[in-house]
Amino acid sequence: DTGVSQNPRHKITKRGQNVTFRCDPISEHNRLYWYRQTLGQGPEFLTYFQNEAQLEKSRLLSDRFSAERPKGSFSTLEIQRTEQGDSAMYLCASSPLGNGYEQYFGPGTRLTVT
Amino acid sequence: DAKTTQPNSMESNEEEPVHLPCNHSTISGTDYIHWYRQLPSQGPEYVIHGLTSNVNNRMASLAIAEDRKSSTLILHRATLRDAAVYYCILSPNAGNTPLVFGKGTRLSVIA
């Protein structure tokens, strides 16, 4: 197993453009999480899925953000009409269902909005 | 979410033990204590977790106070590769719900 992968690793976009990030979790991991991390801060939870069902969304996830996990495998996070404040590292993690399991994080997608 | 308090930064000499403290005075009886670390330019990685008893694994040891209001992550012999931000996190179960990260402790290791 190659771990959690995220694409792209870096994205530079102009304010107002839409961007989409992809996360491929570890196979057979039921749960998939999205976090956002700004410089000097710890990651902040955005949303998470159990299989294809989105179980929780943080209040940080404004209407411009949408996440999907259509077949319970990979997930996408889309940001519409990007703003400079969206510049951050977007981290994806996955975990098996059940207690006693840690979350495995991907390397992140760094978004820069100019 | 229960809050944790950690020093902003710590420094250690290479090959010396490191004790990273975490205070969590408002911990509830069902909260697990998790430690993750984040190496430069990487996503966080799991280090260890526990509920009441001290725990050991290949990476570290976790010492939990009897009243559970504090815990200490112990790296037995720090290496340069252990330089990272270490996060102490409380979670109502053993790991598969969203994690609430604080700012963590930045550990520097001096050769």
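The values are calculated or read from the model by the stated rules, or taken from the named source; none is laboratory data. Worth saying up front: this structure is predicted, and the values here are computed from it rather than measured. A quick note on method: Cβ atoms are made from the backbone with ideal geometry, for glycine too, and the neighbour counts reach across all protein chains shown. All accessible areas refer to the heavy atoms of the entire protein, side chains included, with ligands and DNA or RNA removed. Shrake-Rupley method; radii C 1.70, N 1.55, O 1.52, S 1.80 Å.
Structure above, values below:
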item	result
Count of residues meeting criterion [within 15 Å of the chain's Cα centre (by Cα), over 16 Å from residue B:101 (Cα atoms) and surrounded by 14 or more Cβ atoms within 10 Å (Cβ to Cβ)] in region B:1-19	2
Residues satisfying the stated conditions in region B:91-111, i.e. within 17 Å of residue A:33 (Cα to Cα) and outside any loop (DSSP other than H, G, I, E, B)	B:91
Tally of residues being of a type in the set (A, V, I, L, M, F, W, C) and surrounded by fewer than 18 Cβ atoms within 10 Å (Cβ to Cβ) across region A:3-51	3
Region B:72-89 - residue that is surrounded by fewer than 23 Cβ atoms within 10 Å (Cβ to Cβ) and not in a loop (DSSP other than H, G, I, E, B) and, of those, nearest to the other protein chains (Cβ to nearest Cβ)	B:85
Residue in region B:37-71 that is nearest to the other protein chains (Cβ to nearest Cβ), counting only those that are crowded, with 17+ Cβ neighbours inside 10 Å and hydroxyl-bearing (Ser, Thr, Tyr)	B:46
Residue check, residue B:34 open to solvent by 70 Å² or more (accessible area, probe 1.4 Å) and under 13 Å from the mean Cα position of the chain (by Cα)	no
Those residues of region B:1-24 which are modelled with pLDDT under 95 and more than 20 Å from residue A:105 (Cβ to Cβ), in sequence order	B:2, B:3
Residue within region A:43-59 that is among the basic types (Lys, Arg) and either closer than 28 Å to residue B:39 by Cβ or in contact (Cβ under 8 Å) with a residue 12 or more places away in the chain (or both) present	no
